[in-house]
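**Student:** Structure below; questions to follow.
Readers should treat all values here as calculations from the given coordinates under stated rules, not as data from a laboratory. For clarity, every value in this text was computed on a predicted model and none was experimentally measured. Note that each Cβ is placed from the backbone with ideal geometry, even for glycine, and that neighbours are counted across all protein chains shown.
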């Protein structure tokens, strides 16, 4: 007896009851992955020094609260976008994935345009963006939909 685990969610709708759990999972996965990237990078000698928006001198990137907030807010925003797409489109997930890729590409401009200590910091910050996108979009896609 074989059990098929292939579920096509492209035509399903986001579930308001399941999205909060999916946001929580995505935000936690994003935070954990970003923490690993940050500490692993620092272990390899990447200092993750940058000038904050309100500052004028290089400062080390703090995990709390900056990285934590930068992991949670996109998860909430992505869930809201997905829910809105569920109201206005017949197939919200393909539209959501397309918009998520566009947001990821736009997000690369932040680290590239930031004043940092090295190219390694920019690469590390972009790795954090990629991980967050994968964790958040993956959690919302896997856990936030109505049962097919």
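**Student:** The conditions are (1) touching a residue at least 40 places away in the same chain (Cβ under 8 Å); (2) under 28 Å from residue 119 (Cα atoms), and residue 23 fails exactly one of them. Which is it?
**Tutor:** Every listed condition holds for residue 23 apart from (2).
**Student:** Of everything in segment 32-57, what is in a loop (DSSP other than H, G, I, E, B), surrounded by 14 or more Cβ atoms within 10 Å (Cβ to Cβ) and free of Cβ contacts under 8 Å to residues at least 24 places away in the same chain? Give them in sequence order. Show your work before the answer.
**Tutor:** We begin by selecting, within segment 32-57, every residue in a loop (DSSP other than H, G, I, E, B); these are 44-48, 51-57.
So of that shortlist, the ones also surrounded by 14 or more Cβ atoms within 10 Å (Cβ to Cβ) come out as 46-48, 51-52.
Selection gives 52 alone.
**Student:** Considering only residues that are part of a helix (DSSP H, G or I) and out of contact with any helix residue (DSSP H, G or I) (no Cβ under 8 Å at 6 or more places or on another chain), look in segment 102-122 and name the one that is nearest to residue 83 (Cα to Cα). Break it down stepwise before answering.
**Tutor:** Start the filter on segment 102-122 by keeping residues that are part of a helix (DSSP H, G or I), which leaves 102-107, 109-113, 119-122.
Keeping just the survivors that are out of contact with any helix residue (DSSP H, G or I) (no Cβ under 8 Å at 6 or more places or on another chain) gives 102, 105-106, 109, 113, 119.
On the way: 102: 18, 105: 22, 106: 22, 109: 26, 113: 31, 119: 37 Å.
Within segment 102-122, the match that is nearest to residue 83 (Cα to Cα) is 102.
**Student:** If a residue has to be surrounded by 15 or more Cβ atoms within 10 Å (Cβ to Cβ), in contact with a strand residue (DSSP E or B) (Cβ under 9 Å, 6 or more places away or on another chain) and under 13 Å from residue 46 (Cα atoms) to count, how many in segment 110-134 make the cut?
**Tutor:** Selection size over segment 110-134: 5.
**Student:** Sort out which residues of segment 86-100 are assigned to a helix (DSSP H, G or I), free of Cβ contacts under 8 Å to residues at least 12 places away in the same chain and surrounded by 12 or more Cβ atoms within 10 Å (Cβ to Cβ), and write them in order of number.
**Tutor:** Step one: of segment 86-100, the residues assigned to a helix (DSSP H, G or I) are 86-88, 92-100.
Narrowing further to those that are free of Cβ contacts under 8 Å to residues at least 12 places away in the same chain: 87-88, 95, 98.
If the condition is that a residue be assigned to a helix (DSSP H, G or I), free of Cβ contacts under 8 Å to residues at least 12 places away in the same chain and surrounded by 12 or more Cβ atoms within 10 Å (Cβ to Cβ), then 95 is the only one that fits.
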